[in-house]
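Asks: First the structure, which I've put down as structure tokens, then a few questions once you've had a look.
The values are calculated or read from the model by the stated rules, or taken from the named source; none is laboratory data. No experiment lies behind these values; they were computed from the predicted model shown. Cβ atoms come from the backbone with ideal geometry, glycine included; neighbour counts cover every protein chain shown. Ligands, DNA and RNA are excluded from the accessible area calculation, which covers all protein heavy atoms including side chains. Shrake-Rupley method; radii C 1.70, N 1.55, O 1.52, S 1.80 Å.
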Amino acid sequence: MIPPFAHDEPHRDRSLYWWAYNRNKRSITADLEHPRGRELVLNLVRRADFLIESFNPGYMASLGMDYAALDALNPALIYVSITPFGQDGPKASYADSDLIVMAAGGPQVLTGDDDRPPVRLSVPQGYLHASGDAAVGAMLAHHERVRSGRGQHVDIAAQVSAAMATQSMILAAPLNSTQLTRLSGGVKLGPVKLPFVWPARDGYVTLSFLFGSALGVFTRKLMHYICERGFCDERTRDKDWIGYGALLFSGKEPIEEYERIKGLIADFTRAHTKAELFAMAQEHGLLMTPVTTIPEVVESTQLESRGYWQSLEHPELGRSVAYPGPFVKFSATPIEYRRRPPTVGEHNREILGAELGLSDERLAQLAREGII
């Protein structure tokens, strides 16, 4: 059971974590340690397109259910394994947590304040990256299967998936380039502290105060606007915001001057509410938007207008629950949430009975023996 729980009532069928990731799914139970439990799953594998497992490397092989064994049973099967470090290598058997995955992959080094150790992200991220890669890998294998008729083993290492979250920064070390380091609400590039989060009167906004041909034009707009509002002088306004990065890193523009300008911008944002700043951004073409709280996301008029929130009935609770909607809109084949997240083993009769042909008496016997 993974908390938090609905109404703060610990129960295996009340986990909000489970609810968040398991809509549109059906749930069966089977004891893989028992031969009859394995046989139930193998009977499903014979007709399956995909099998996704996240056991420790070697566990499925110990049961006779690794890819080689199941490939012989169903050559078209796409077998997806998600593990911390992959199926082989010196770390394949290491214990893990989200913290370990994110630390081993690299993103952890960028989270937290610059004057103390890194911190973990509040919401687990490592296996979300891995699961996304697993879905893409499974679809690529399916594309090949359409041509060849053959399945294959898709081996996903969460460490590798997390490493991709460092984006281009993962190339800095092997290229001996300047590496980003952590800064609360931003990053550090050498001696330059680049803030991305700025104070507002009632919270925070994210604002791009960056340079170069792509982003310097927006900084120039910003500085002209805050000059109009009386927060900086004309000399500051008219700096070369396109070439400012080169001036800063070459030493021609002192770091102290850069810090002074950041203080002026912070004075400007701090003097206004998030809504006021967002209205200014829309009117004047500035790269600035509020940092929204979770209640503000739930109450977002933009999300409401797109029909994002979806209501699903929970008969076991006697009420409906509002869920986040589809991550993407398809014009021809829209995603529909037809099922609430299942309770554990809820569909044993539907799948093991209707699809595999087990009688109610047989299912009851398997339940009494603890096999399902």
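Asks: Let me see the P(r) profile for region 142-190: every Cα-Cα distance counted, bins of 10 Å, each bin given as a percent of all pairs.
Replies: 20, 30, 22, 15, 12, 1
Asks: What per residue convex hull volume, in Å³, do the alpha-carbon atoms of region 272-323 yield?
Replies: 92
Asks: A further question on this structure: With θ set to phi - 60°, apply the Karplus curve 6.51 cos²θ - 1.76 cosθ + 1.60 along region 217-223 and write out the HN-Hα couplings as whole Hz, x wherever there is a Gly or Pro.
Replies: 5, 6, 5, 4, 4, 4, 5
Asks: What residues qualify as long-range amide H neighbours of residue 186, i.e. H under 5 Å apart, gap of 5 or more or another chain, H built at 1.01 Å from N?
Replies: 196
Asks: Using the charge dipole of region 88-173 (Lys, Arg: +1 at Cβ; Asp, Glu: -1 at Cβ; taken about the Cα centre), state which of 134, 124, 101 has its Cα farthest towards the positive end.
Replies: 134
Asks: Please provide three numbers in whole Å: the alpha-carbon extents of region 159-229 along the principal axes, with the largest listed first.
Replies: 46, 30, 22
Asks: With a point put 7 Å past each Cα toward its Cβ, work out how far residue 240 is from residue 197 in nm, to one decimal.
Replies: 3.4
Asks: Given the Cα-Cα distance of residue 61 and residue 354 and 0.36 nm per residue of separation, how much length would full extension add, in nm?
Replies: Length gained, residue 61 through residue 354: 102.6 nm.
Asks: Accessible area per residue, 1.4 Å probe, Å², for region 297-372: what's the number?
Replies: 66
Asks: Between residue 88 and residue 296, what is the spin-label point distance in nm, taking each point 7 Å from the Cα along the Cα→C-beta axis?
Replies: Computed distance between label sites residue 88 and residue 296 equals 5.0 nm.
Asks: If each residue of separation counts as 0.36 nm, what is the full-extension length gain between residue 31 and residue 305 once their alpha-carbon separation is subtracted?
Replies: 94.1 nm
Asks: Give the average over all directions of the projected area of the C-alpha convex hull of region 189-307, one decimal, in nm².
Replies: 8.2
Asks: May I pose another question? So with the 1.4 Å probe, I'd like the accessible area per residue for region 127-225, rounded to whole Å².
Replies: 54
Asks: For region 219-372, report the convex hull volume of the alpha-carbon atoms normalised per residue, in Å³, without decimals.
Replies: 257
Asks: Within the chain, what is the longest stretch that has no chymotrypsin sites (Phe, Trp or Tyr not before Pro) placed in a DSSP loop and near at most 13 other beta-carbon atoms within 10 Å?
Replies: 1-308
Asks: Taking N as the number of residues in region 1-108, what is its alpha-carbon radius of gyration divided by 2.2 N^0.38 Å?
Replies: 1.28
Asks: I want to check the label-to-label distance for residue 39 and residue 317. Put each point 7 Å from Cα in the C-beta direction and report it in nm to one decimal.
Replies: Distance between the two pseudo-spin positions: 4.0 nm.
Asks: Follow-up. How long are the semi-axes of the ellipsoid equivalent to region 44-184, from square roots of 5 times the Cα gyration tensor eigenvalues, in whole Å, largest first?
Replies: Ellipsoid semi-axes (Å, largest first): 34, 16, 12.
Asks: What are the ³J(HN,Hα) values, in whole Hz, obtained from phi via the Karplus relation 6.51 cos²θ - 1.76 cosθ + 1.60 with θ = phi - 60°, for each residue of region 302-312 in sequence order, with x given for Gly and Pro?
Replies: Per-residue couplings from phi come out as 5, 5, 5, 5, 8, x, 5, 6, 10, 9, 10 Hz.
Asks: In addition: Taking Cα centroids, how far is region 1-72 from region 247-282 in Å?
Replies: If we compute the Cα centre of each part, the gap is 51 Å.
Asks: With a bin width of 10 angstrom, please list the P(r) values of region 84-163 as percents of all Cα-Cα pairs, from the 0 bin to the one holding the largest distance.
Replies: In order of increasing distance, the bins hold 18, 39, 26, 12, 4, 1 percent.
Asks: What list of ³J(HN,Hα) couplings, whole Hz, do you get for region 75-84 from phi and the Karplus terms 6.51, -1.76, 1.60, once you set θ to phi - 60° and write x for glycine and proline?
Replies: Each residue of region 75-84 in turn: x, 8, 5, 9, 9, 10, 10, 10, 9, x Hz.
Asks: What number comes out for accessible area per residue over region 1-112 if the probe is 1.4 Å? Units Å², please.
Replies: With the other protein chains kept in place, region 1-112 gives 53 Å² per residue.
Asks: To continue, here is another question. Taking 25 Å as R0, compute the FRET efficiency from the Cβ-Cβ separation of residue 97 and residue 178 and round it to 0.05.
Replies: Working from the Cβ atoms, E equals 0.20.
Asks: Next up: Using only alpha carbons, build the gyration tensor for the chain and give me the equivalent ellipsoid semi-axes, biggest first, whole Å.
Replies: Each semi-axis is the square root of five times an eigenvalue, giving 50, 26, 18 Å.
Asks: Give me the percent of accessible area attributable to carbon and sulfur for the chain, probe 1.4 angstrom.
Replies: 55
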